[in-house]
Amino acid sequence: DEFDYKNACFFQVDSPLRALQLLAKNYRKQFNYPVIAITGSNGKTTVKEWLYHLLSGQVRVIRSPKSYNSQIGVALSLLELNEDCDVALIEAGISQPGEMERLEKMIRPTYGIFTSFGRAHEENFKSTEEQLNEKLKLFKGVQKTYYPASINLNPEIQESINAVPLSEKEFKTELSHLPYDDAGSRQNAVTVIGTIRKLFPDLLITPESIVSLPRLAL
């Protein structure tokens, strides 16, 4: 035989996906350091990678690989967690109702980041309001949710997710070093810089580190 299964362990399950998610959910419970969950219509991977860029070298960071944010991707990302870490960045994306509840139960985020809200996958939701509410289910148990103030969230929603709006005017100095001038990049930079300033106030964000933020090939 080409494969040797003498040391392998097999599980027979009704749903491989649900079994993988249950495994990831229970594995995540072993770790007590902060887990930051990132979702939004656009910018999830950029925000995650820019956070990693600015945090690494100062704190030990583990992050979702590439754009692993689906029902399978989140489970695989959580199975990458280990003890040699201070904070985890987990990206989460959905395309239809019911998905975010499963992701939230796996991730159990300490903090949340909401990057943007647009029209991606809107055809799968009854309304814009339903789509927004589904995405925000990720943040139902977090201590704080950081988001760019350019997203217009009503006061009731802000209270339900412990929202902290981040505005460009707060971070003008840092943004002056951003090598990209498009609105999306500025919004992502505000989200990243603001989150670090609020969560890790003692960490350095140097002009050099902002200038070197990478443009991602998505």
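Computed from the coordinates by the stated procedures, all read-outs in this text should not be read as laboratory data. These figures come from a predicted structure and were not determined experimentally. Heads up, the Cβs are rebuilt from the backbone with ideal geometry, glycines too, and the neighbour counts pull from every protein chain shown.
Its residue count N sets the reference 2.2 N^0.38 Å, and the alpha-carbon radius of gyration of the stretch 57-136 equals 1.19 times that reference.
When Rg is the radius of gyration of the Cα atoms in the stretch 1-72 and Rh is its Kirkwood radius, what does Rg/Rh come to? Mind dumping the intermediate values first?
On the way: Rg = 16.9 Å, Rh = 15.5 Å.
Ratio of gyration radius to Kirkwood radius for the stretch 1-72: 1.09.
Taking N as the number of residues in the stretch 55-101, what is its alpha-carbon radius of gyration divided by 2.2 N^0.38 Å? Write down the numbers at each step before the final one.
Values: Rg = 12.0 Å, N = 47, 2.2 N^0.38 = 9.5 Å.
Cα Rg divided by the expected 2.2 N^0.38 Å: 1.27.
Within the straight-line cut-off of under 25 Å between alpha carbons, the lysines reachable from K135 are K25, K29, K44, K48, K66, K105, K126, K144, K198, sequence neighbours fewer than 8 places apart in one chain being disregarded.
Which is the longest part of the chain that has none of the GluC sites (Glu not before Pro) sitting in a DSSP loop with at most 16 other Cβ atoms within 10 Å?
Details: sites that count: E2, E80, E83.
Result, exposed sites excluded: 84-218.
Put simply, the C-alpha atoms of the chain give a gyration tensor, and the ellipsoid matching it has half-axes of 30, 22, 16 Å, longest first. Over the chain, dividing the summed -39,500 (n - 2.57) contributions of all DSSP H runs of at least 4 residues by the number of residues returns a 222 nm mean residue ellipticity of -11000 deg cm²/dmol. Against the chain, whose longest principal axis is taken from its Cα atoms, helix 16-28 shows a tilt of about 60°.
To the nearest ten degrees, helix 44-55 and the longest principal axis of the Cα atoms of the chain are 70 degrees apart. Just so you know, the Cα atoms of the stretch 1-121 work out to an Rg and Dmax of 15.7, 52 Å.
Among all stretches of the chain without exposed chymotrypsin sites (Phe, Trp or Tyr not before Pro) (DSSP loop, at most 10 other Cβ atoms within 10 Å), which one is longest? It works out to 12-218. Please say if the stretch 32-77 is rounded, prolate or oblate, where rounded means a/c under 1.5 for a ≥ b ≥ c the square roots of the C-alpha gyration tensor eigenvalues, and otherwise the choice is prolate for a/b larger than b/c and oblate otherwise? It comes out oblate by the Cα gyration axes.
At most 15 other C-beta atoms within 10 Å and a DSSP loop state: those are the exposed trypsin sites (Lys or Arg not before Pro) I care about. Give me the longest piece of the chain that has none. For trypsin sites (Lys or Arg not before Pro) (loop position, at most 15 other Cβ atoms within 10 Å), the longest site-free span of the chain is 141-214.
Taking 7 Å steps out from each Cα toward its Cβ at E80 and F200 produces label points 1.6 nm apart. Here the Karplus curve 6.51 cos²θ - 1.76 cosθ + 1.60, taken at θ = phi - 60°, turns the phi angles of the stretch 195-210 into couplings of 4, 5, 4, 7, 8, 10, x, 8, 7, 8, 10, 8, x, 4, 5, 6 Hz, with x standing for Gly and Pro.
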